[in-house]
1. Spot the failing condition for residue 48; the list is (1) exposed (fewer than 14 other Cβ atoms within 10 Å of the Cβ); (2) in contact with a helix residue (DSSP H, G or I) (Cβ under 9 Å, 6 or more places away or on another chain); (3) modelled with pLDDT under 95, and only one is missed.
2. Residue check: is residue 59 farther than 16 Å from residue 3 by Cα and modelled with pLDDT of 95 or more?
3. Being within 20 Å of residue 90 (Cα to Cα) and modelled with pLDDT of 95 or more: is that true of residue 43 here?
4. Taking the condition closer than 11 Å to residue 8 by Cα and either out of contact with any strand residue (DSSP E or B) (no Cβ under 8 Å at 6 or more places or on another chain) or not in a helix (DSSP H, G or I) (or both), does residue 89 pass?
5. Select the strands (runs of 3 or more DSSP E) contained entirely in the stretch 1-75, then report the ones holding at least 1 residues which are in contact with a strand residue (DSSP E or B) (Cβ under 6 Å, 6 or more places away or on another chain) and in contact (Cβ under 8 Å) with a residue 40 or more places away in the chain.
């Protein structure tokens, strides 16, 4: 079993309130869950209007499969026009 944690810090430039921010975060997290069957949650920055940290977990039978999902997830996030990626970190869990 291979487990990967993928943490992404995003900026939401068009957010002018926490409500705007929550709407974008929910859309991104729900889209990732549905499209890639990953576990996803907002894991940081809940009190800022234009920033958030999202965490994703991938479990696969082979390392290559987990890596493919993380790569697809990364491309999915970069394709979202409403967010800017500030940083990302991948962690393999033993």
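The values are calculated or read from the model by the stated rules, or taken from the named source; none is laboratory data. Small disclaimer: the values here were computed from a predicted structure and weren't measured. Every residue, glycine among them, receives a Cβ derived from its backbone with ideal geometry; neighbour counts consider all protein chains shown.
1. Residue 48 satisfies every listed condition except (1).
2. no
3. Against the criterion (within 20 Å of residue 90 (Cα to Cα) and modelled with pLDDT of 95 or more), residue 43 qualifies.
4. Here the answer is yes, as residue 89 does meet what is asked.
5. Those strands (runs of 3 or more DSSP E) span 2-11, 51-60.
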